[in-house]
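Structure record follows, encoded as structure tokens.
The values are calculated or read from the model by the stated rules, or taken from the named source; none is laboratory data. As the structure is a computational prediction, the values presented were derived from the model and not from experiment. Neighbour counts are summed over all protein chains in view; Cβ atoms, including those assigned to glycine, are modelled from backbone coordinates with ideal geometry. Heavy atoms of the whole protein, side chains included, go into the accessibility calculation; ligands, DNA and RNA do not. Shrake-Rupley method; radii C 1.70, N 1.55, O 1.52, S 1.80 Å.
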Amino acid sequence: MKRIITFTLAVLSLLACKTEKKQENTATSTVHIKGRFIGIGKDFVRMNYNGAAAVLGESRDIILKIDSAGNVDTTFVLTEPAYYNISRNTLYLTPGDDLTMKITPLNTEAEFEGRGAEANIYMKERLFPKGGSFLKGGKNVKSEFSSTMMFVDSLAEVRMGELTALTAVSDEFKQQEAARIKADVINSYMHYANYSNFFNDVKNKEEMQAKREEYATSITAYITPKLQEILDEKFLDVAVVRDVISRHQDSMLNEKWFKGITLPTRTQELFACATIIGKLREGVSEEVINEAKNHLQTIQNKDFAAEIEEKIAQNSKLLPGQPAIDLEITDVAGNVKKLSDFKGKYIYIDLWATWCGPCLQEAPAFEKLSRQYAGKDIVFIPISTDTTREPWLAFLTEHKKELTQYHSTDLALKNDWMLLGIPRFILIDKDFDIIDAFAPRPSEEKVITLIDGLLPKQA
């Protein structure tokens, strides 16, 4: 009897250990973040995944719900460390992180406390590739490349020292960030000519190409060895690494900087998939969708395949004749409407934002077109996609408009309409079916031909 009792207790103890272990695994596969977002969004903030698959799609993005004061408190599943972007902030999140944060549009103002804080405090000083990385928009450019290179190298050495000094981060994080520093150095070398006076005397495209090739040749000996240090495919999750490696797609640069370099298989597949995704983002057609489906059969990396599948599904919903995806839109007075409220008329939509120069250039043509078709069976709907209403309302105070203005932050814009760039124009028929999800701009003559074809004989 004692043996039976002893055995039973042992089993119960084992089960308890297994249960405890399961609970522990669940806890460490989640991330808890709380705090305040200032000047970034209303109702929700999109936390953009920024690993390798981010080149191809947005399915790994996380939507954070925030209250009226900008506070967030949420827990979500995360099975492996990953980079995310919120505005200009880059976060590094690891399963088990428990972070209290303050986030503003300016990354250096961010504040972090709790588990995972050290990595994210370090990330506050991340450099921006579009600013030339260590060149910082030209502020660190010296009179000659050699002196600029020495200064960039000294800054990189300081940054590497800061990384090495971290004590509460993983070896994986240090490896990734060391690759970022090296890639930022490469990026700085690459951009020196753009920020210096190297191209000042160029008179035409031919001279520009010759000077560009001259500069590329002059720095090849510095670029190629450094590229070889960041080729490991595990560094693809670092955005600037992807940026500098993507230069292999330029045939001239490939012959110089990448001579003798063979890209890892995963890297090759990423850029091949990016080519297909680029076609899917440019417009919608059965031909492109079928090309993507065929390419999907060849993909080895599951995360890349998932993004291709997502884009195929999105595109298929935007083909001509498919039901239009509804949107919630709000006018200046705060009245909420649905896009489907305009069903029964043709609908021509202008998606724009106050900060978008090309959008503002198209606006007069959009209003002119609305006057041209006044009284006819078509409505012209301008929809601001500004993150919040305030800049939009302020803009309208300064710029009077004839048309009723609307604003929308509906998630369907990006998730369903594939809104990745503006200005963007959409044409919908009377039955609320899609005519063209990537319609011509109002400044283009072909939009008149298109609309006239819909309204051939109306007075």
Please work out if Gly35 is at pLDDT 90 or above, touching a Lys or Arg at 6+ places or on another chain (Cβ under 9 Å) and at positive phi.
-> yes
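Quick check on segment 243-272: of everything there that is hydroxyl-bearing (Ser, Thr, Tyr) and closer than 20 Å to Ala179 by Cβ, which residue is surrounded by the most Cβ atoms within 10 Å (Cβ to Cβ)? I'd like the intermediate steps shown before the answer.
First, the residues of segment 243-272 that are hydroxyl-bearing (Ser, Thr, Tyr): 246, 251, 262, 265, 267.
Next cut, closer than 20 Å to Ala179 by Cβ only: 246, 262, 265, 267.
Working: Ser246: 15, Thr262: 9, Thr265: 11, Thr267: 21.
Result: Thr267.
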With the condition kept exactly as written, say whether any residue in segment 233-242 is assigned by the TED database to the domain that holds Ser188 and open to solvent by 70 Å² or more (accessible area, probe 1.4 Å).
-> yes
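For residues that are touching a Leu at 6+ places or on another chain (Cβ under 9 Å) and farther than 17 Å from Val238 by Cα, scanning just segment 43-61, find the one that is least open to solvent (accessible area, probe 1.4 Å). Write out each step before concluding.
Start the filter on segment 43-61 by keeping residues that are touching a Leu at 6+ places or on another chain (Cβ under 9 Å), which leaves 44-47, 50-53, 55-56, 58.
Pick out the ones that are also farther than 17 Å from Val238 by Cα and you get 44-46.
Values: Phe44: 51, Val45: 6, Arg46: 41 Å².
Applying the filter and picking the extreme gives Val45.
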Select from segment 114-138 the residues that are farther than 18 Å from Tyr84 by Cβ and in contact with a Gly (Cβ under 9 Å, 6 or more places away or on another chain) and write down the one among them that is most open to solvent (accessible area, probe 1.4 Å).
-> Lys130
Selected residue (only one of Ile312, Ile277, Ile299, Ile308 is assigned to a helix (DSSP H, G or I) and touching a Cys at 6+ places or on another chain (Cβ under 7 Å)) | Ile308
For Ala374: the one exception among (1) modelled with pLDDT under 95; (2) within 29 Å of the chain's Cα centre (by Cα); (3) of a type outside the set (S, T, N, Q); (4) under 16 Å from Val447 (Cα atoms) | (2)
Out of all the residues in segment 210-227, is one or more of a type in the set (S, T, N, Q) and either open to solvent by 80 Å² or more (accessible area, probe 1.4 Å) or more than 22 Å from Phe145 (Cα to Cα) (or both)?
-> no
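Of all the strands (runs of 3 or more DSSP E) wholly in segment 366-459, which have at least 2 residues that are under 24 Å from Asn335 (Cβ atoms) and outside the structural domain of Arg60 (by the TED database)? First the steps, then the outcome.
Numbers: elements: 378-384, 424-428, 434-436.
Where strands (runs of 3 or more DSSP E) fall fully within segment 366-459 and carry at least 2 residues being under 24 Å from Asn335 (Cβ atoms) and outside the structural domain of Arg60 (by the TED database), they are 378-384, 424-428.
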Between a first residue in segment 335-362 that is within 19 Å of Phe432 (Cα to Cα) and in the same structural domain as Leu427 (by the TED database) and a second residue that is open to solvent by 40 Å² or more (accessible area, probe 1.4 Å) and in a helix (DSSP H, G or I), which pairs have beta carbons less than 6 Å apart while being 6 or more apart in sequence or on different chains?
-> Tyr346/Leu454
